[in-house]
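Each remark here refers to the structure printed beneath this line.
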Amino acid sequence: MTDAAIPAPAIATPQRDQRIGQMIVVAAVLLAAAKVALPDGLIRPPDWFVLPFADWINWTFAFLKDDLGLIYLTRAFADGVEWLIDITANLLYGKNRWPRIGPIPWTVIAVTAGVVGYALGGWRLALLSGGTFVWIAVMGQWEWAMETMSVIVVAVPLAVALGLVMGLLAWRYPRFEAVLNPVLNIAQSLPHFAYMIPVVVFIGLGPKAGAIVTIIFATPPMIRMTVLGLKKVPPEVIESGQMCGSTRWQLLRHARVPTARTEILVGVNQVIMQSLAMVVLASFIGMPGLGEKLLQLLQALRMGRSIEIGITIVLLAITLDRCSKAWAYRQPVHFERGTPWWVRNKLLLIWLALIAVAFTLAAFIPEAHEIKRRQAFTLSKQFDAGVDWMLVLLDPITLALRSFLIVWILVPLQNAYQWLPFAAVLTFLAGIGWMIGGARSALVCLAYAGLIAMSGWWDRAMITAYMITFAVIISMMIGLPLGVWASRSEGRAKIALLICDTAQTFPSFIYLIPVVMLFGVNDVAAIGAVIVFGMVPMCRYTIEGLRGVPPELIEAADMSGATRRQKLWTVKLPLALPTIMVGINQTVMFSLFMVIIAAFIGTRDLGQEMQRALSATDVGKGLVLGLCVAFMGLMVDHLAMRWSADRKKALGID
Amino acid sequence: MADAQPVISCRGVWKLYGKTPESYLAGVSDTPSFEDIRRAGYIAAARDVTLDIAAGEMLVIMGLSGSGKSTLVRCLSRLVEVTSGTVTVEEQDIGALDENGLIELRRNKMGMVFQNFALLPNRTVLENVAYPLEMRGQDRHDRRARALDVIKLVGLEGREDYFPRELSGGQQQRVGIARSLAIEPDIWFLDEPFSALDPLIRREMQDEFLRLQDMLGKTIVFITHDFDEALRLADRIAIMKDGAIEQVDTPDRIVLDPATDYVAKFIEDIDKAHVVHAGHLAGPVKGAAPRGDPVAATATIHDIARRLVEDKRARLPVADTSGKLVGVLKRQDALDVLFGEQP
Ligand SMILES: Nc1ncnc2c1ncn2[C@@H]1O[C@H](COP(=O)(O)OP(=O)(O)OP(=O)(O)O)[C@@H](O)[C@H]1O
Ligand SMILES: [Mg+2]
């Protein structure tokens, strides 16, 4: 009855937009072809076009910091955070700070982790989380890991609290949300390093800077999930609360927040994962711990040791992810009536007994308290041997591949990108935008690309763009068929999705280990890391898209006598394409993040400049570079999401 | 039924969904039809509803899906703001109440059972049922005892510690009923409260509500799709279409004298003999009353079917429960009703 109330969409405009877009693209090609005849001002952004954004930002920061005295505020906050970190550091690895009672024996922590794992997810999770900490202790990495953990333990609750409060405010005041949303969009596409430079300026180096940059980086997803959860609470639940005469506060506390529990806890999970990724990377600003060690070892090409630390980080990531997800999706279950208290609190009692045993053991056996690095077990020799053996085998291949890639693909592609006149690029992007989303999208593309041109980093941005293009194409060429293959059977798809999920929880830094191992420290390795990292979402969304095709359509195709191949091409892929597009979008985002991180193993793009800005603590330059990266991401995001949404609407799926 | 002062009275209540319904409604000159409103891009969920509900009355609202029943009840409890019109509850304009006043009103006067149960997923059955008591600030022991009582009443003993997720649909619905029973409000809104119950429990629950209404004089607004249920419970029935009330009347009058074609269609398949009471069909006593055994005024035509067929008199005396003569029933009229012919 109500359908007619919605005005029918105008059908004709998309086709007109298509045609206009195509004409603009043709114009762009003509511009490029006529490069020799073009004035210089259309080939590279002319000087008058470039604005000194960096100076403006620096000036603003200086004003905030010194004239407004913001630095006292941030320093005070940082001191508070440091005080907290000192407590956890003392407890976890015995740093000589108040309350000076640590370190807690590693056996106690491992047992605790095991019991938490059991409580949340049964034996398998208990084994995983307990085992992770045993591995860390036995491999002699306890202190590094605990340095990392001491910051996570402080940063996660703070980020969660901050995110919850901001999320509540955004949900409560739509105007605040309207302001917050674009800020969050940019924040979530800024590369990690862009966050670090202002923090260094305001706070300095070391663990507290690491903690604070982690908090800032991890808060946006929490805000997002909080708002999402609160908005999803069914209106009838609220109404039933109202009819019981609840006040606003009671409604929030008893009805809204508990009903949004799952979303909020998924937010917590994201905070934890983002924190881990950031803490590891914060080694660039003097954060000690696993990340710092990994950075040093990688740079020294000590592969065996790197792999050991890599395994630790991966294990930690999987443990934290699985535990927090299990917590998020756990539903309350009742006890039978008359269950005695020791049954209700069985796990608590078991835990108390176990840690009592662990404490006693630690008191008498020093190894149960702390494993010194000299006593530790190591697999680095074996790993090194394995790596050497593999390298001997693979070296001819990787060498050939490397030189082939560099000579025949990378260098020509880079030259081509750099040869393109910037006016042609802008026109081309506007044309693509117009084809996908009409005049508005064309303007959005022009604005993003124009701002990049105005930043003065056009050439570097084009290098980043070429690497992203290449990496995304290769990711698609591998990820798509892999996804198609995996989605053939239910079992295979499940396993593939599990692998993708797990791989997505790894901090991005980890991906550098295998590529450095294979290719050494150079730009092919960097691109390799980007490809591997970007393949994961590609594969994942392909599987999800293909499996999301309504079964009755496949049955209809079956009844029409379609072969497997025909079904794939005529039914499944077209219907899965919007979802696959979302995957491509994520691949681009992931690649952008990775390209910047991989800069320190040798690229000449925006990432390299970002590294320089970081070592020179040049906020203006760092932020401008970060925004350039963010704008590239946001432009692709706008186009991909727009296309995907339109396509879904046209196909009538949702 | 119509007592001195209605408990709930609404005057010209409109509820439109859409972008700026207030200004739209203020802009149109005369009362727009459902179609007009739809063409303007709005959905009319309540159209110019004027209705009085007396103390102790059980009003049953019926109508097709989407006809605005739930919305009307939401307007009466101010869960949604009306677009225009006023709703007064016990001579208090609830549209004018501030937040605290509204909270007080709901804590002390009103209760509601929701169509989709609306249980808090994080609370056990017991805690859900005790929730309104908790809001009223009752102490823990009292509310536990009270909650256990009503849980027993709805037959969920032994499941106090279950979470909503662990219950079947019908059991969840009974938790919702228990939650509103716990406070025994004076004014009760029941939005399809028994839709997921099996016939046996449904009947028990109906009896329970009838008992409460009888004993404690509760005012109940009841939504249902089930005509038999409506007949069992209703003092009056309101039939809604496209947000407007087509007719509100006693069951007898609705079946005998439908106000509009729509109502006539709505009740087409009803066996009128089960609805119409002898007392209603009877005319006044004019002149000499017929002698012989009277029929009970509270009996339906169906109840006295055998007598109607066997008794050959043209006019039958009708008496109330005390035996006093209250009217005269024309046998032909009653037979027409019995065989479903238009009188
Ligand atoms: N929050 C809302 N926003 C927009 N339209 C609404 C909203 N709530 C109800 N409506 C519309 O108002 C109309 C009446 O809905 P209502 O829920 O009152 O129907 P109902 O008579 O209770 O139906 P049912 O028997 O299916 O419960 C419907 O057309 C519905 O689409
Ligand atoms: Mg309804």
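The values are calculated or read from the model by the stated rules, or taken from the named source; none is laboratory data. From a predicted model like this one, the values you see are computed outputs, not experimental measurements. Don't worry about glycine lacking a Cβ; one is built from the backbone with ideal geometry, like all the others, and counts go over all protein chains shown. Keep in mind that these areas ignore ligands, DNA and RNA; they rest on the heavy atoms of the full protein, side chains included. Shrake-Rupley method; radii C 1.70, N 1.55, O 1.52, S 1.80 Å.
Descriptive notes on the structure:
- Among the residues of the stretch B:284-313, the one identified as among the small types (Gly, Ala, Ser), at pLDDT below 85 and under 12 Å from B:Leu329 (Cα atoms) is B:Ala289.
- Residues being at the interface with chain A (Cβ under 8 Å from one of its Cβ atoms) and in a helix (DSSP H, G or I) - total across the stretch B:109-133: 2
- Residue that is least open to solvent (accessible area, probe 1.4 Å), among those in the stretch B:69-95 that are within 12 Å of chain A (Cβ to nearest Cβ), more than 13 Å from ligand 2 (Cβ to nearest atom) and of a type outside the set (Ser, Thr, Tyr): B:Leu76
- Hey, B:Gly41 more than 30 Å from B:Glu160 (Cβ to Cβ), of a type in the set (Gly, Ala, Ser), open to solvent by less than 40 Å² (accessible area, probe 1.4 Å) and within 14 Å of another protein chain (Cβ to nearest Cβ) or not: yes
Residues checked against (1) under 30 Å from A:Met146 (Cβ atoms); (2) within 31 Å of the chain's Cα centre (by Cα); (3) within 16 Å of ligand 2 (Cβ to nearest atom):
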{"site": "A:Met225", "(1), (2), (3)": "yes, yes, no"}
{"site": "A:Gly229", "(1), (2), (3)": "no, yes, no"}
{"site": "A:Ala255", "(1), (2), (3)": "no, no, no"}
{"site": "A:Gln274", "(1), (2), (3)": "yes, yes, no"}
{"site": "A:Pro288", "(1), (2), (3)": "yes, yes, no"}
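- Members of the stretch A:235-245 found to be out of contact with any strand residue (DSSP E or B) (no Cβ under 6 Å at 6 or more places or on another chain) and either more than 7 Å from chain B (Cβ to nearest Cβ) or under 16 Å from B:Ala178 (Cα atoms) (or both), listed by number: A:Pro235, A:Val237, A:Ile238, A:Ser240, A:Gly241, A:Cys244
- First in the stretch B:200-229 and in a helix (DSSP H, G or I), second anywhere and within 14 Å of ligand 1 (Cβ to nearest atom) and among the β-branched types (Val, Ile, Thr), Cβ under 9 Å, 6 or more apart: B:Glu229/B:Val60
- Any hit, the stretch B:16-24, residues being open to solvent by less than 50 Å² (accessible area, probe 1.4 Å), within 15 Å of ligand 1 (Cβ to nearest atom), within 18 Å of B:Arg78 (Cβ to Cβ) and more than 14 Å from chain A (Cβ to nearest Cβ): no
- Residue identified as of a type outside the set (S, T, N, Q) and touching a helix residue (DSSP H, G or I) at 6+ places or on another chain (Cβ under 6 Å) among B:Ile94, B:Ile103, B:Ile61, B:Ile43: B:Ile61
- Only one of the listed residues (B:Gly158, B:Gly63) is outside the structural domain of B:Ser195 (by TED's automatic domain parsing) and either within 16 Å of ligand 1 (Cβ to nearest atom) or at positive phi (or both). That residue is B:Gly63.
- Selected residue [open to solvent by less than 50 Å² (accessible area, probe 1.4 Å) and in contact with a His (Cβ under 6 Å, 6 or more places away or on another chain)] from B:Tyr162, B:Tyr131: B:Tyr162
- Considering A:Phe49, A:Phe53, the condition of being more than 14 Å from every other protein chain (Cβ to nearest Cβ), modelled with pLDDT of 90 or more and surrounded by 14 or more Cβ atoms within 10 Å (Cβ to Cβ) is satisfied by A:Phe53 alone.
- Among the residues of the stretch A:246-257, none qualifies, meaning not one is more than 14 Å from chain B (Cβ to nearest Cβ) and open to solvent by 30 Å² or more (accessible area, probe 1.4 Å).
- Residue match in the stretch A:481-503 (condition: part of a helix (DSSP H, G or I), more than 29 Å from A:Asn269 (Cβ to Cβ) and among the β-branched types (Val, Ile, Thr)): yes
- Residue list for the stretch B:96-108, filter: over 22 Å from the mean Cα position of the chain (by Cα), open to solvent by 60 Å² or more (accessible area, probe 1.4 Å) and at the interface with another protein chain (Cβ under 9 Å from one of its Cβ atoms): B:Glu99, B:Asn100, B:Glu104
- Filtered by the rule that a residue be within 16 Å of ligand 2 (Cβ to nearest atom) and open to solvent by less than 10 Å² (accessible area, probe 1.4 Å), the stretch B:46-67 gives B:Ala46, B:Val49, B:Leu59, B:Val60, B:Ile61, B:Met62, B:Gly63, B:Ser67.
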